[in-house]
Amino acid sequence: MTPTLVVDTSALVAIELGEPDAQWFADTLAASDDPVMSAGTLQELITVLVHRAGIPATITLDFATEVTISILNQGVRIIPVDEGLAVLGAASTLRYRSAPTRFNYGDGFAYALALELDAAMLCKGDDFANADVSVMQSPGSN
């Protein structure tokens, strides 16, 4: 078992959409003692999945509820965004907005939570790998 692990949108998208490394991410998530994500990351996840799945706007609330239940069923604890997390997230998004990191709005929440908890981040891509947090990525993840 691994200690607290901050889960980024990219890892959950891989699992939810059955990407080639989905099983690695699901296994790593299941092996964590305390997988967490911020409520801001949950918002980003729902938005990304709605757009990728082409969900009509009229049923997005039901879809959002289903996604949230799925995440909770995977053992992920959702951490509320408070003032400190929001400020740290905004500062990090501004700090890492340029190549090679290219943080977006949602990345700031995940990064801030990883810093706040001194935890590794489960993610795909180079954004977090080029920042100053520890990352867990599948072999060949990008």
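Bear in mind these aren't lab numbers, they're just calculated from the coordinates by the rules spelled out. Here the structure is a predicted model, which means the values were calculated and not measured. Heads up, the Cβs are rebuilt from the backbone with ideal geometry, glycines too, and the neighbour counts pull from every protein chain shown.
Quick notes on this structure:
- Panel order for 117, 85, by other beta carbons found within 10 Å of each beta carbon, from fewest to most: 117, 85.
- Annotation: for a label point projected 7 angstrom from Cα along Cα→Cβ of residue 90, residues of region 113-142 with backbone N closer than 16 Å are 113.
- Rounded if a/c under 1.5, otherwise prolate or oblate - region 12-85, Cα gyration tensor axes: oblate
- Built amide H within the under 5 Å cut-off of residue 122, gap 5+: 6, 7, 8, 136
- Here each label is just a point 7 Å from Cα along the line to Cβ, and for residue 59 and residue 83 those points are 4.2 nm apart.
- Stretched out straight at 0.36 nm per residue, the stretch from residue 98 to residue 126 would grow longer than its current Cα-Cα span by 8.9 nm.
- 69, 78 arranged by Cβ crowding within 10 Å, fewest neighbours leading: 69, 78
- Counting neighbouring Cβ atoms within 10 Å and putting the fewest first, the residues 16, 66 line up as 66, 16.
- Taking 61, 49, 12 in turn, the Gaussian network model of the chain (Cα-Cα springs below 10 Å) assigns the largest fluctuation to 61.
- Relative to the Cα centre, the charge distribution of region 1-55, modelled as +1 at Lys and Arg Cβ and -1 at Asp and Glu Cβ, gives a dipole magnitude of about 180 debye.
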